[in-house]
Amino acid sequence: MDSILVFLSNIAWWGWLLLVLIIVAIRDIFFQNSHTISHNFPIVGHLRYWLESIGPEMRQYFVANNREELPFNRIERGWIYASAKKENNYEGFGTDRDIYAHQHIFINNAMMPYELPKNHPNTFDHCFLPCAKVMGEFNKRKRPYRPASVINVSAMSFGSLSAKAVESLNIGVKIAGAYHNTGEGGLSPYHKNGGDVVFHFGTGYFGVRAKDGGFSMEKLVNLVETNPFIRAIEIKLSQGAKPGKGGVLPGAKITKQIAEIRGVEVGKDVLSPPNHKAFSNVPEMVDFIEKIAEATGLPVGIKAAIGKLEQWEELANIMLSTGKGPDFITVDGGEGGTGAAPPSFADHVSLPWVYGFSDLYRLFKNKGLSERIVFIGSGKLGFPAKAAMAFAMGADCINVAREAMMSIGCIQAQICHTNRCPAGIATQKKWTQNGINVPLKSERLAQYFKTFRKEFIEITHAAGYEHPCEFKMSDIEINVDDHNLSKELHRTYMYEKTIVPFKGMQHLKDCKYLGGKN
């Protein structure tokens, strides 16, 4: 035995390395049959899989140019990072964007910009920019709500995001005066740090789930009564990443805390079906909305990605004949990305935001319903120029998800669905979560929102308006093809936006429903 130990101790380091490589080679050739490359090229073949695994990072830092990457290119990410850190987010020597590219946005500036009068709210707060409409005002809900910010955090669940990420977002929206959509994972302790909350649920009814897996009105009413910072309820019909598809929450991911929040069993797989149990058609959905609004007193809205319009027209007709229906509609684009989905869904099912929103808005406008609904846009709109286009098309607020994630440290590693997020945001691993400094990251989310609103206001003033709700379709042009390089929005999407009643920023500031004051 001693002689064996002596022999082993005399082996040089390179000998041990050679021995390990020999073992790996034997394993590759004789004991594994799942990877052809590793079998045919033992040892060396492993480099292929390693290089493939770091491909996104390699392209991000060394290969792709500044405007080339998707879903967010380096310039877009850089603007968010710099805005969140309150650093210089300007660019010099002119734009490097191809301004003749398809769908490039042009904002028509006025000859004389809007001039702030004395004692205007924006002279005291350069990023004060609330929603011009009040959720629930038309339907006379007991607790109407005017969002105090036109940019807010979109639906992302605790469970999909880490505890520290959710906490950072919630504290951040409190600082910025925005709201935080819970996503369909229920109301967690990390949503309770002072920010306004929009409670969102889908077909799994997590957080308001009955024992049979259906919806519990009793639980929802209790949730709203015990958490007065919940300002509105959002019912998810579908989302941009995977419209019309349910999902499975594996039992291995369901911790005791997640089980308590979502109202499910620890360690047991949970199915979220494509369809709701609480309603099966449009009239039943409208009745469901009205029951929730009556029981909670809150504005109630729906979220969906847009495809076929027949059932939306049915909804519009019911709203027209009954005076009932959703207080707000969140339109998600097919480019939505925080929900893990098969490529066949993510790439092809549902329309991109500009097409889906224009189809839906035009339908409601033609029936005279656009004034009574707060329209919320969601789908890569977290940049002032894109927001200007969205408001010109009829949006009243925008929700951001991936942009908010980037403001608190997301590096677009594109492995959100693997639980291996290196930034600690889209993972439940404690070690990587510990890298999130909550006070710092919450300030960065707030600063991103404030910078966004400041620049959005400046663009609005440059166009000659006081508030973005005043944007008209004719104020924005986009490149459409080689024959007629740019068209105004109303000529592109074939409708005129309904004028939003606006009495001035001071009127919004004095509103008793602003930011949930009531």
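The values are calculated or read from the model by the stated rules, or taken from the named source; none is laboratory data. Keep in mind it's a predicted model, so treat the numbers as computed, not measured. Quick reminder, even Gly has a Cβ in these numbers, built from the backbone with ideal geometry, and neighbours come from all protein chains shown. Ligands, DNA and RNA are excluded from the accessible area calculation, which covers all protein heavy atoms including side chains. Shrake-Rupley method; radii C 1.70, N 1.55, O 1.52, S 1.80 Å.
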Review point. In the list K517, K503, K487, which residue meets the criterion of being within 18 Å of H104 (Cα to Cα) and without any contact (Cβ under 8 Å) to a residue 40 or more places away in the chain?
Key: K487
Check your understanding: Taking Y114, is it at pLDDT 80 or above and in a loop (DSSP other than H, G, I, E, B)?
Key -> yes
Exercise for review: Determine whether segment 391-408 contains at least one residue that is closer than 24 Å to G194 by Cα, out of contact with any helix residue (DSSP H, G or I) (no Cβ under 9 Å at 6 or more places or on another chain) and among the small types (G, A, S).
Suggested key: yes
Review point. Can you find a residue in segment 193-215 that is of a type in the set (A, V, I, L, M), open to solvent by 40 Å² or more (accessible area, probe 1.4 Å) and either under 20 Å from the mean Cα position of the chain (by Cα) or within 26 Å of S83 (Cβ to Cβ) (or both)?
Key: no
Exercise for review: Filter segment 162-192 down to the residues that are among the small types (G, A, S) and more than 23 Å from I292 (Cα to Cα), then identify the one that is surrounded by the fewest Cβ atoms within 10 Å (Cβ to Cβ).
Suggested key: A163
Check your understanding: Using beta carbons and a limit of 7 Å, which pairs, at least six apart or on different chains, have the first residue in segment 13-26 and farther than 10 Å from P42 by Cα and the second one outside any helix (DSSP H, G or I) and open to solvent by 80 Å² or more (accessible area, probe 1.4 Å)?
Key -> none
Review point. Out of all the residues in segment 308-322, which are over 17 Å from T203 (Cβ atoms) and in contact (Cβ under 8 Å) with a residue 24 or more places away in the chain?
Key: L309, W312, E313, E314, L315, A316, N317, I318, M319, L320, T322
Review point. List the pairs whose first member sits in segment 280-300 and is over 22 Å from E310 (Cα atoms), whose second member is open to solvent by 50 Å² or more (accessible area, probe 1.4 Å) and part of a helix (DSSP H, G or I), and whose Cβ atoms are under 8 Å apart, counting only residues at least 6 apart or on separate chains?
Key: K291/M217; I292/M217; A295/M217
Practice item. Select from segment 221-240 the residues that are buried (at least 20 other Cβ atoms within 10 Å of the Cβ) and within 20 Å of N170 (Cβ to Cβ) and list them in ascending order. Key: V224, I230, R231, A232, I233, E234, K236
Point to revise | Answer from I306, I318 - the residue that is within 14 Å of Q239 (Cβ to Cβ) and either surrounded by fewer than 24 Cβ atoms within 10 Å (Cβ to Cβ) or at pLDDT below 95 (or both) | key: I306
Practice item. Determine which single condition K140 fails, assuming it passes every other condition in (1) under 24 Å from V197 (Cα atoms); (2) exposed (fewer than 12 other Cβ atoms within 10 Å of the Cβ); (3) under 22 Å from the mean Cα position of the chain (by Cα). Key: (3)
Practice item. Mind listing whichever residues of segment 263-290 are surrounded by fewer than 17 Cβ atoms within 10 Å (Cβ to Cβ), of a type outside the set (D, E) and in a helix (DSSP H, G or I)? Key: P283
Exercise for review: Go through I476, I459, I415, I411 for me and flag whichever is at pLDDT 90 or above and more than 23 Å from R146 (Cβ to Cβ).
Suggested key: I476
